[in-house]
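Here the structure comes first, spelled out in structure tokens, and everything after it is commentary.
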Amino acid sequence: MYDLICDDSILLSIAQSCFWVGMLVSLLVGGFISDRFGRRIVWYCGGVLVLLGTWIMIFPKSFVVFIVCRVFVGIGSGFRNCTSFPMLTEFTAGKYRSWLGIGSFIFWAVGISILPLIGYLIPAWRMFLLVTAIAAIPVLFYWWLIPESPRWLLLNGKEEEAKIVLAKISRMNKRPLPDDLGLQKPVIPETRASFRQMFSSWETAKKILICWDLWFANALVYYGVSYGSVDLGGNRYLNFFSVCVVEIPSNFAFIWSAHRFGRKKSVITAMIIALVASVIAAAIPTNQSSASVGGRVTVAIIAKFSISFSFFGAYLWCVELFPTVIRSTALSTSSAMARIGSFSASYIIWLIRIHAALPYSIMGAICLQAAVLGLFLPETKGTPTLETMDDMKKDKGVALLVNGDGKADS
């Protein structure tokens, strides 16, 4: 890439850092913008930025243009990350939220599992980007396919627009709307979303701080295992594929566990398993014998299965802990903490050059403290969707969506 060798090789790290910086900035502001002006516009603009940035990045020979495009791709990725999951869960009734919300990550798992195959078959980076950019073209048409979140519309005094969206959903699902739709609870536009609202009380502040820590820990271990997979020995493409494809069964496992045991037990148990796997990985000899390589790969797969399981849970748990009025802000700032974790992961893995046990020992310790702090968060299984800050204080939600009987559901 751009003949970046010897003294110029540091520019490769700068290019990746620019992506994370762009993403971090957009996550810090994207959730606030989304809570203030709507999910749909932020989500769509994010998708367009990623698509355009990737396409422009393919052709120029200027490294400066490449860097600028990386920043815009990072900004777009951040906008999408902080809005896509809240939108999906806000369109979904409580009892289906884990199925559809977490089930959407199956597409992520399939996508990253295909990447090593594309990389193996198409080693030229420009052609690699071209293939992936072509797959993203449908994003341009999503504006006309996906409406605004009806929950956000109601919370911002746009009840008529919300009714139009719900009527379209009802027609597509062939389900009647309840007669008292929108009258389940008076919707009064409250103070506009702000960062301060997340710290308006000790209880709210405690929840967001623990969420930040959970996301940081999950991302650090998630990316640490992913980055470290290429240094396990054996075929690096196959190793990377193995730790990616395992996310698919992990996804289904979490959906079942979230329904059976709840979010809290599922997430904390998975983090403890990831902790144990990290400790075992640190203890495996570093030689290149088939037994040692096989052991490291096996433990890495177990760790990735567990931390993916936990990461899925962190998404669902976070959106259910906070009301609609600050949900995107809470999710985006949590995701920003995750970006710090993912950025840190590359440096944690670098420590393998000092001692092979260091990276997994550190990841295990971070898993442990996050699991302990997670014990202080409440369970959200079976709870209605919170809409306002008052709902959060009273632990009450709003019945809004329509279930199969034509009755309102949470």
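Can you spot a residue in region 286-304 that is in a helix (DSSP H, G or I), in the same structural domain as MET363 (by the TED database) and under 21 Å from PHE85 (Cβ atoms)? Looking through region 286-304, at least one residue is in a helix (DSSP H, G or I), in the same structural domain as MET363 (by the TED database) and under 21 Å from PHE85 (Cβ atoms).
Hand me the list of helices (runs of 4 or more DSSP H) wholly inside region 201-283 holding 1 or more residues that are farther than 30 Å from PRO323 by Cα and without any contact (Cβ under 8 Å) to a residue 40 or more places away in the chain.
Those helices (runs of 4 or more DSSP H) span 236-245, 263-283.
The single residue among ILE67, ILE75, ILE33 that is in a helix (DSSP H, G or I), over 18 Å from GLN16 (Cα atoms) and either basic (Lys, Arg) or modelled with pLDDT of 85 or more (or both) turns out to be ILE33. If only residues of region 127-161 that are assigned to a loop (DSSP other than H, G, I, E, B) and touching a residue at least 24 places away in the same chain (Cβ under 8 Å) are counted, the one that is farthest from TRP43 (Cα to Cα) is GLY157. Annotation note: of ILE284, ILE349, the sole residue that is on the phi < 0 side of the Ramachandran plot, in contact with a Gly (Cβ under 8 Å, 6 or more places away or on another chain) and either basic (Lys, Arg) or crowded, with 23+ Cβ neighbours inside 10 Å (or both) is ILE349. Filter region 236-262 down to the residues that are touching a helix residue (DSSP H, G or I) at 6+ places or on another chain (Cβ under 7 Å) and more than 22 Å from VAL299 (Cα to Cα) and list them by number. Once the filter is applied, which keeps residues that are touching a helix residue (DSSP H, G or I) at 6+ places or on another chain (Cβ under 7 Å) and more than 22 Å from VAL299 (Cα to Cα), region 236-262 yields ILE255, ALA258, HIS259. Looking only at region 22-65, which residues are over 18 Å from LEU129 (Cα atoms) and of a type in the set (Phe, Trp, Tyr)? Passing the criteria: PHE32, PHE37, TRP43, TYR44.
Taking first residues from region 162-180 that are within 14 Å of ARG151 (Cα to Cα) and partners that are modelled with pLDDT under 85 and among the β-branched types (Val, Ile, Thr), the Cβ contacts under 8 Å between residues at least 6 apart in sequence or on separate chains come to LEU166/VAL402; ILE169/VAL402. Whether a residue is of a type outside the set (D, E, K, R) and modelled with pLDDT of 80 or more was assessed, and ILE14 does not pass this test.
The rows are residues; the columns are (1) surrounded by fewer than 24 Cβ atoms within 10 Å (Cβ to Cβ); (2) at pLDDT 85 or above; (3) assigned by the TED database to the domain that holds TRP99; (4) over 30 Å from PRO285 (Cβ atoms).
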{"site": "ILE362", "(1), (2), (3), (4)": "yes, yes, no, no"}
{"site": "PHE376", "(1), (2), (3), (4)": "yes, yes, no, yes"}
{"site": "THR383", "(1), (2), (3), (4)": "yes, no, no, yes"}
{"site": "VAL398", "(1), (2), (3), (4)": "yes, no, no, yes"}
{"site": "ASN403", "(1), (2), (3), (4)": "yes, no, no, yes"}
{"site": "LYS407", "(1), (2), (3), (4)": "yes, no, no, yes"}
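On the basis of being surrounded by fewer than 24 Cβ atoms within 10 Å (Cβ to Cβ) and either assigned to a loop (DSSP other than H, G, I, E, B) or not hydroxyl-bearing (Ser, Thr, Tyr) (or both), does LEU331 make the cut? It is false that LEU331 is surrounded by fewer than 24 Cβ atoms within 10 Å (Cβ to Cβ) and either assigned to a loop (DSSP other than H, G, I, E, B) or not hydroxyl-bearing (Ser, Thr, Tyr) (or both). Among the candidates PHE79, PHE72, PHE91, PHE66, the residue that is out of contact with any helix residue (DSSP H, G or I) (no Cβ under 7 Å at 6 or more places or on another chain), in contact (Cβ under 8 Å) with a residue 40 or more places away in the chain and surrounded by 14 or more Cβ atoms within 10 Å (Cβ to Cβ) is uniquely PHE91. Of the residues making up region 367-389, those that are assigned to a helix (DSSP H, G or I) and out of contact with any Asp or Glu (no Cβ under 9 Å at 6 or more places or on another chain) are CYS367, LEU368, ALA371, VAL372.
Checking each residue in region 29-63 for being surrounded by fewer than 22 Cβ atoms within 10 Å (Cβ to Cβ) and hydroxyl-bearing (Ser, Thr, Tyr) picks out TYR44, THR54, SER62.
The values are calculated or read from the model by the stated rules, or taken from the named source; none is laboratory data. The model shown is predicted, which means the values in this text are computed figures rather than measured ones. Don't worry about glycine lacking a Cβ; one is built from the backbone with ideal geometry, like all the others, and counts go over all protein chains shown.
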